[in-house]
Amino acid sequence: MKRGYLGILVLFTSAAASADIPRTQDGKPDLSGFFDVATITPLQRPEEFGDKLYITVEEAQKIEEDLASSRVKANSASDPNREAPPTGGNVGGYNRFWLDGGEHRFAIDGKIRTSVITAPANGRYPELSTLGKAKEQTLVDDFTHKPGTAWWLDQEGPGPYDDMERAHFANVACWVLARLPDHRSFPRPITITSGSSKPKITS
């Protein structure tokens, strides 16, 4: 008899807890809202940490303070009389005003992670296959090869603006839609609609 009462109590408690969750008209949990994934916790763990899963509060504060100092320097005024860069040279990028990579390391259960990835144990991507390394090198070449001309028009096969598997390096719009923390980790609106099995994420 006692077990019966306990079972009823557990069911009642679970139902009451579920009733507090916002839901769509068809009963699915409604997670609609703005979600901020900005964090300076790196996706891959720096190799110097090895298999170390956590850092101390003091270590995290030092990392955050150093980053804040570097951003102050990055936000300093540029020389309006500087010379133009050489042809094919680095013209620079956005200043810090347009970027938001977060200011803090995230913590889970009060423990500050050394990386977003936790498996494998070293917190890093598994080694790429030979084919994977070749594809990665192609992406890097697309991004770094900037002679100041439309060089891809003279090559055989699709270029960085023709192949969708390469477009994420060539098209900034695809970067903005990244789901993982990066230097453009602006709050993402998520909309859950009735009858939909997947959330809609917009930029």
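Some observations on this one:
- Answer from E83, E103 - the residue that is in contact with a helix residue (DSSP H, G or I) (Cβ under 7 Å, 6 or more places away or on another chain) and either surrounded by 15 or more Cβ atoms within 10 Å (Cβ to Cβ) or part of a loop (DSSP other than H, G, I, E, B) (or both): E103
- Verdict on V91 being in contact (Cβ under 8 Å) with a residue 60 or more places away in the chain and assigned to a loop (DSSP other than H, G, I, E, B): no
- Checking each residue in segment 116-149 for being among the polar types (S, T, N, Q) and farther than 18 Å from G92 by Cα picks out T118, N122, S129, T130, Q137, T138.
- Checked against the criteria, T138 counts as hydroxyl-bearing (S, T, Y), at pLDDT 80 or above and either assigned to a helix (DSSP H, G or I) or in contact with a strand residue (DSSP E or B) (Cβ under 6 Å, 6 or more places away or on another chain) (or both).
- Of all residues making up segment 51-80, the number that are assigned to a loop (DSSP other than H, G, I, E, B) and exposed (fewer than 10 other Cβ atoms within 10 Å of the Cβ): 5
The values are calculated or read from the model by the stated rules, or taken from the named source; none is laboratory data. Given the structure is predicted, the values throughout are model-derived calculations rather than measurements. Positions of Cβ are backbone-derived with ideal geometry, glycine not excepted, and every protein chain shown enters the neighbour counts.
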